[in-house]
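Notes for the one structure printed next.
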Amino acid sequence: MKTLLLAALCLTTSIVYSQELLPPITVGQRVATCGHSFHVFTYKQVNEIAGYAGIAHQPAGLSSIGGSTVQKHWDVPEEKSAVKQVLKTGKVDVLTLSPIWLPDDAIEQFVKLGLEHNPELRIFVQEYWMPNDEYNPVYPLDTKKKVDHNATDIGRLRDATLRYAKDIETYVGGLNQKLGRTSVFIVPVGMAAVALREKIVKGEAPGLKTQGELFRDTWGHALAPLQILSSYCHFAVIYRRSPAGLNLPVPNAFKALKDMNDEDKTKLNALLQEIAWDTVSHHPMAGVMKPVAAK
């Protein structure tokens, strides 16, 4: 299923991509993460997913700061930063970052530090779902705004996500041009989240009846289904392979879904895998498509 969300994108990348996908990565990746509460859960969850897939994934370092820009992680002194320390060893294959809004100059600082010690490092910038269901790129965020997720118009949410996605693409594309190589990629979690919410509204998401069941508050902190969707997206970009078809069991996070029966959990898990791969595999800047030429 090719999502209309991706078909509507006006991508800003200067590279032409074929429909052919790059081969999957089968060797366990050493992954470091800097992030906030809309991201850091992927650190353990991707490790769990990879383990189920028979991959010797290696969590390499975590910097977790609530409500953080990437700049806040960069400002942590090296002696207190597990991520800076491990990047300097060169023993990291992947770095995941989650800005709140852009610009965030510390992304480039982490990229330069990582590439200095491992030129093959891949850096993934998370495009996350809209806090408060709107694209209002100011910081600090309005965490006390009252939002009824169930009343959110999906068309307007899709448009807001597309505006945000284009800003992410412009930033990442410009950073790669400055580097003279493609080392920075996008994890299109926000688009995947919209696709899931469309399924919920249509009654096509097993066990989920309302959009609000994805969030634990009006601001937008993720509950298990949205967390796992994000983690499947990260698994897909890191290993360039679909989590669907791997016979992965229902993840541990689903234990929190006490009002959902086991059959619906299994079906929902399969849907999340499908949405994650569909979103990632159709996004040219996720790092899974084969580049063919420059424009």
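The values are calculated or read from the model by the stated rules, or taken from the named source; none is laboratory data. Keep in mind the model is a prediction, meaning the values are calculated, not measured. Cβ placement follows ideal geometry from the backbone for every residue including glycine, while neighbour counts extend to all protein chains displayed.
Here are the numbers:
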read-out	value
Meets criteria (crowded, with 18+ Cβ neighbours inside 10 Å, under 16 Å from Phe185 (Cα atoms), touching a residue at least 24 places away in the same chain (Cβ under 8 Å) and not β-branched (Val, Ile, Thr)) for Glu120	no
Among (1) in a helix (DSSP H, G or I); (2) in contact (Cβ under 8 Å) with a residue 60 or more places away in the chain - the single one Thr182 does not satisfy	(1)
Matching residues in the range 74-92 - criterion: being in contact with a Leu (Cβ under 8 Å, 6 or more places away or on another chain) and not charged (D, E, K, R)	Ala82, Val83, Leu87, Val92
Complete set of residues in the range 202-244 that are of a type outside the set (D, E, K, R), in contact with a helix residue (DSSP H, G or I) (Cβ under 8 Å, 6 or more places away or on another chain), free of Cβ contacts under 8 Å to residues at least 60 places away in the same chain and in a loop (DSSP other than H, G, I, E, B)	Leu223, Ser242, Ala244
Which numbered condition Tyr164 fails, given (1) free of Cβ contacts under 8 Å to residues at least 40 places away in the same chain; (2) part of a helix (DSSP H, G or I); (3) surrounded by fewer than 17 Cβ atoms within 10 Å (Cβ to Cβ); (4) not hydrophobic (A, V, I, L, M, F, W, C)	(3)
Of residues in the range 50-78 being closer than 14 Å to Val94 by Cβ and crowded, with 18+ Cβ neighbours inside 10 Å, the one nearest to the chain's Cα centre (by Cα)	Ala50
Identity of the residue in the range 109-123, touching a strand residue (DSSP E or B) at 6+ places or on another chain (Cβ under 7 Å) and part of a helix (DSSP H, G or I), that ends up nearest to Gly287 (Cα to Cα)	Val111
Qualifying residues in the range 82-99 (those that are in contact (Cβ under 8 Å) with a residue 60 or more places away in the chain, buried (at least 22 other Cβ atoms within 10 Å of the Cβ) and of a type outside the set (A, V, I, L, M, F, W, C)) - the one nearest to Ile168 (Cα to Cα)	Ser98
Top-ranked residue in the range 152-185 [being in contact with a helix residue (DSSP H, G or I) (Cβ under 8 Å, 6 or more places away or on another chain) and of a type in the set (Gly, Ala, Ser); ranked as farthest from Met130 (Cα to Cα)]	Ser183
Residues within the range 141-167 that are closer than 30 Å to Leu179 by Cβ and of a type outside the set (A, V, I, L, M), tallied	5
In the range 243-295, residue nearest to Pro206 (Cα to Cα) [restricted to those that are polar (S, T, N, Q) and crowded, with 19+ Cβ neighbours inside 10 Å]	Asn269
Criterion: more than 17 Å from the chain's Cα centre (by Cα), of a type in the set (A, V, I, L, M, F, W, C) and surrounded by fewer than 21 Cβ atoms within 10 Å (Cβ to Cβ) - qualifying residue of Leu113, Leu102	Leu113
Subset of the range 247-269 (residues that are touching a residue at least 60 places away in the same chain (Cβ under 8 Å) and under 20 Å from the mean Cα position of the chain (by Cα))	Leu248, Pro251, Asn252, Ala253, Leu268
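One line per residue, one yes/no per condition, for (1) under 18 Å from Phe185 (Cβ atoms); (2) surrounded by fewer than 17 Cβ atoms within 10 Å (Cβ to Cβ); (3) at pLDDT below 95; (4) of a type in the set (D, E, K, R):
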residue	(1), (2), (3), (4)
Tyr135	no, no, no, no
Tyr139	no, yes, yes, no
Asp142	no, yes, yes, yes
Thr152	no, no, no, no
